[in-house]
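What follows is a short report on a single structure.
The values are calculated or read from the model by the stated rules, or taken from the named source; none is laboratory data. Here the structure is a predicted model, which means the values were calculated and not measured. Counting neighbours? That spans all protein chains shown, and the Cβs are built from the backbone with ideal geometry, glycine included.
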Amino acid sequence: MTIRLYDTSTRQVRDFVPLVPGCVSIYLCGATVQAAPHIGHIRSGLDFDVLRRWFAYRGYQVTFVRNVTDIDDKIIAKERELGTPWWQIGYANERAFDDAYTALGCLPPTGEPRATGHVPEMVEMMRGLIERGNAYAADGNVYFSVTSYPDYLALSNQELENLRQPSGEGETGKRDPRDFALWKAAKEGEPSWETPWGRGRPGWHLECSAMAHKYLGEAFDVHGGGIDLIFPHHENEIAQSKAYGDRFAQYWVHNAWVTMSGEKMSKSLGNSVLVSEMVQRWRPIVLRYYLAAPHYRSTIEYSEEALREAESAFGRIEGFAQRVVEQAGVVEPAAEVPPAFAEAMDDDLGVPQALAVVHTAVRQGNAALAADDKENAVARLADVRAMLGVLGLDPLDDFWTGAGAGAGARGGAGGVPFEVADSLVQLVLEQRQAARGRKDYATADAIRDRLAEAGLSVEDTPNGSRWTLRSE
């Protein structure tokens, strides 16, 4: 099967044909590190982590570059607001993003370049654009002339005559108000670097073009990011990179937002939910399931109820895996995923349809367990592990069981930290076991009923009692 992806630039699903057979190069717009990440920020990282894993499963060698924007108007505004140096703000939040990616099971990128480390590459690109007549210097700024690039706005499908692109502070000397800044002249007290056109700092759009060119060359396969980046960021990247002579990205893949009350989740709107807070209330693997389960081009409307539903759905998968392991021991993942799962993933990364295949296998496995068909149950778990492994959601993987990096910040049931919930429930289960030991079955049953009222199921096994969230 051929992997097919929705390409924003052509507005259709296209067969994926790599520039280099057997290899995939991906550039993902990463964090602007003025603040700690909320779950809307991390959704992009999760969606492209799944895409990267699927490419790897299909046998491609993947080069995955995700940048860090560590100098930006927003970071400088934070410096003024907090009285903290811009670089200190940026580094602290860069680490917060890395912690969030790691907690939710994202594989580390092949490279994670910072904008401030690539000023020489930006200067070289500006020099080339000025020589070609696509850019000009004015008052210490350098601007890209949008009318010099005939295909400007093709990605976002806008008309140039209708474009209104307001100038930022200090952006003087523009020949056309629609032109955008490649370089911003230095202002007193702000960070700056020396260039042939005077001291200043990079424009946001130039940063990504320079870094993509350095690490992925004049052409690469996939450029990714959130739909909010289509204009102006990605539109401007295309203009400056192609005017410079690069072929640039062959496919443009964009993920949708996480919203709250219909609004894009945003720190500036005060409606964001920080990842660092969420992983204290919910198990990170459940949070990953919640964010990765919808199609990447579908909006996720945040709610506690939706999270509880995700927790319950994942609990059904996890409960099946635990029951098989208790009866049959460790079950390794199958060598290949089922054909229906692969077909769904090949079709524009159809994770919802792929998860339907997972849940079907879980139901079949549970039926096999009920019929005492251990061999069939083991086979279904092997399939389930193979499928979930591709999605980064295998509950039996070392990463999630405690042997890997994700064990540090586990959330829990219903918004209670997992360690706290588990300790409390285990204490209650010990009291229930003591009641059964003295043949006080009325008390034992009453404890079990109270746990059920709280949304927990108790299963008695040869290895003792264990609890899970009820799947109803």
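Things worth noting here:
- Among the residues making up segment 18-56, those that are in contact (Cβ under 8 Å) with a residue 40 or more places away in the chain, more than 30 Å from VAL286 (Cβ to Cβ) and part of a loop (DSSP other than H, G, I, E, B) are PRO18, LEU19.
- Note on segment 328-339: residues that are surrounded by fewer than 14 Cβ atoms within 10 Å (Cβ to Cβ) and assigned to a helix (DSSP H, G or I) total 1.
- From the options ALA100, ALA92, ALA77, residue that is within 23 Å of TRP204 (Cβ to Cβ) and crowded, with 18+ Cβ neighbours inside 10 Å: ALA100
- Among (1) hydroxyl-bearing (Ser, Thr, Tyr); (2) surrounded by 21 or more Cβ atoms within 10 Å (Cβ to Cβ); (3) free of Cβ contacts under 8 Å to residues at least 12 places away in the same chain - the single one TYR289 does not satisfy: (3)
Yes or no, residue by residue, for (1) at negative phi; (2) at pLDDT 95 or above; (3) out of contact with any Pro (no Cβ under 8 Å at 6 or more places or on another chain):
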| site | (1), (2), (3) |
| --- | --- |
| VAL357 | yes, yes, no |
| ARG363 | yes, yes, yes |
| ALA367 | yes, yes, yes |
| MET387 | yes, yes, no |
| GLU430 | yes, no, yes |
| ALA446 | yes, no, yes |
| GLY455 | no, no, yes |
| PRO462 | yes, no, yes |
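- Residue satisfying condition, being within 19 Å of the chain's Cα centre (by Cα) and in the same structural domain as ASP70 (by TED's automatic domain parsing), within set HIS234, HIS213: HIS234
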